[in-house]
1. Within the stretch 62-88, track down each residue that is in a loop (DSSP other than H, G, I, E, B), modelled with pLDDT of 80 or more and surrounded by fewer than 16 Cβ atoms within 10 Å (Cβ to Cβ).
2. Pull out all pairs, ordered by first then second residue, where Cβ-Cβ is under 9 Å, the residues are six or more apart or on different chains, the first lies in the stretch 99-116 and is under 16 Å from Ile14 (Cα atoms) and open to solvent by 70 Å² or more (accessible area, probe 1.4 Å), and the second is of a type in the set (S, T, N, Q) and part of a helix (DSSP H, G or I).
3. Name every residue in the stretch 182-193 that is at pLDDT 90 or above and outside any helix (DSSP H, G or I), in order of residue number.
4. List the number of the failed condition for Ile424; all other conditions in (1) at pLDDT 90 or above; (2) among the aliphatic types (A, V, I, L, M); (3) open to solvent by less than 80 Å² (accessible area, probe 1.4 Å) hold.
5. With the requirement that a residue be in contact (Cβ under 8 Å) with a residue 24 or more places away in the chain, surrounded by 13 or more Cβ atoms within 10 Å (Cβ to Cβ) and in a helix (DSSP H, G or I), what does the stretch 427-473 give you?
6. Of all residues being of a type in the set (S, T, N, Q) and out of contact with any Gly (no Cβ under 8 Å at 6 or more places or on another chain) in the stretch 146-198, which is most open to solvent (accessible area, probe 1.4 Å)? Just the residue, please.
7. I need the full set of residues from the stretch 89-100 which are modelled with pLDDT under 85 and under 27 Å from Asp46 (Cβ atoms), in order please.
8. So Ile204 passes all but one of these: (1) under 15 Å from Lys271 (Cα atoms); (2) assigned to a loop (DSSP other than H, G, I, E, B). Which condition number does it fail?
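The values are calculated or read from the model by the stated rules, or taken from the named source; none is laboratory data. This structure is a prediction, so every number in the text was calculated from the model and none was measured. Heads up, the Cβs are rebuilt from the backbone with ideal geometry, glycines too, and the neighbour counts pull from every protein chain shown. Calculation scope for accessible area: heavy atoms of the full protein, side chains included, ligands and nucleic acids excluded. Shrake-Rupley method; radii C 1.70, N 1.55, O 1.52, S 1.80 Å.
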Amino acid sequence: MKKKVLIADDDESILWVLQQMFKDKKIDTAEARDGKTALEMLRSQDFSVAIMDIRMPEKDGLDVLKEIRTAGLKIPIIIMTAQGTMKNAIEAMKGGAFDYITKPFDIGELEIIVDRALEYRKLKDEVSNLKDRLKEKWASEVTFVGKGKAVQDVFKTVGKIAPKDVPVIIQGESGTGKELVAKLIHTNSPRNEGPFIAVNSAAIPKELMESELFGYEKGAFTGAVETRLGKFELANNGTLFLDEIGDMPLDLQSKLLRAIQGQEFYRVGGKQPIKVDVRIIAATHQDIEKAVEEKRFREDLLYRLNVVIIKLPPLRNRKEDILLLAEYFLQRFQEEMGIEPRTLSPKAAEAIKAYLWPGNVRELENILRRAVILSPNPVLSPDDLALPQKKQNKESLEDIIYNRLEGFINSIDVKGKHELYATIVPFMERPLIRLVLKKTGGNQVKTAELLGINRNTLRKKIKELGIKIEEFS
């Protein structure tokens, strides 16, 4: 950006002196002779630095400074005044002035202050540009792909809770993208310029977990030759992601609870409390409420973390997203590896849609990466993918019913009244009772026992559902 300085003063002699100084430095200037004009120019133009008198018509310099800072403008402002009082100096610096100088001033001293301000502005711009590039890089890495309703619901929840500084629990099977969602929340939160620190409770030995979370002091134990910061401290002013929190030992859960409640903790071997400002996002593949019932997880810790729960669907329940994810990964591998574009053949596309993906999105990514590396073919076939065959038979009864119902439910207008329960449940009950009657040869006593209902209920169901008992005799 070309350097340009605003000079705001109603004293013509000061304006002339400063114009000459900047002319010698080959820096453009603009002038304002009252505070109102200065404020309008600062809001509408991009200045490298502003030099402004306190006493001006329309609006004084301190008021202009306050409004500029309230508007979020970061331009360095040097305040001038003929009244060199302590109050003026304090007010100017409290208001966010870059520096303060009294009239009459030494032109050499002002030049030094201006040079410092210009250098400060240059560094601020460089840092801002670097942050923008890092955000772009971060955003490209934090991409959660999906167009299905389940994923769109996740996006909506992330959008609602990201700005709110509350704890979050993310539940989902391994490989569904729990850490990715945690990063999405962090990226879209007011803490996005702070650190995102992840720690996997399942991957760290029990005896090392406390020092990993809270750090340790030099000499705390054999081998502690220097002080080490823990994940809590490293995440200060940012987000701490506790992955697989359900695997955390019970004794450490109590220390974690105290750290979350008080936002302070002690390093191992430490005597002074360490204060932090950290947002907690936890994740687990377990049924955490069942873990509480089984005394494997503290109920009070769950209550502390359980402000918002985000449940991630397994990939087998996101059939509409599988090809979209595949296209995304193939495009990404092309850019990362500098290779020719790769696509899936129609049969390969059908194969990945039919596969159940027990390892979820992570498994899809790894299989496509392997195929891209090992196969020279621009169009990948089912043989290139080499999908595991044994895992095809692991679809649960619930998955089968879910997948059958999904298309029907998605086609329904939510505004209408459909009485879905009364419509669908008989269709589930009728084949169930017919199959059990077939197995028992029409024996209603045995059928009722297998179904776990009494005989009168079975007779009532047979009549309601129009089942002809003679078919099974």
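1. Our first condition is that a residue be in a loop (DSSP other than H, G, I, E, B); within the stretch 62-88, this holds for 71-76, 82-85.
Applying the additional criterion that residues be modelled with pLDDT of 80 or more yields 71-76.
Those that are in a loop (DSSP other than H, G, I, E, B), modelled with pLDDT of 80 or more and surrounded by fewer than 16 Cβ atoms within 10 Å (Cβ to Cβ): Ala71, Gly72, Leu73, Lys74.
2. Nothing qualifies.
3. Once the filter is applied, which keeps residues that are at pLDDT 90 or above and outside any helix (DSSP H, G or I), the stretch 182-193 yields Ser189, Pro190, Arg191.
4. (1)
5. Glu429, Arg430, Ile433, Arg434, Leu437, Gln444, Leu458, Lys461, Ile462, Ile469, Phe472
6. Step one: list which residues in the stretch 146-198 are of a type in the set (S, T, N, Q), which gives 152, 157, 171, 174, 176, 187-189, 192.
Then drop every residue that is not out of contact with any Gly (no Cβ under 8 Å at 6 or more places or on another chain), which leaves 157, 171, 176, 187, 189, 192.
Numbers: Thr157: 45, Gln171: 32, Thr176: 4, Thr187: 36, Ser189: 5, Asn192: 61 Å².
Step by step, filter the stretch 146-198, then rank; the result is Asn192.
7. Correct list: Glu91, Ala92, Met93, Lys94, Gly95, Gly96, Tyr100.
8. Every listed condition holds for Ile204 apart from (1).
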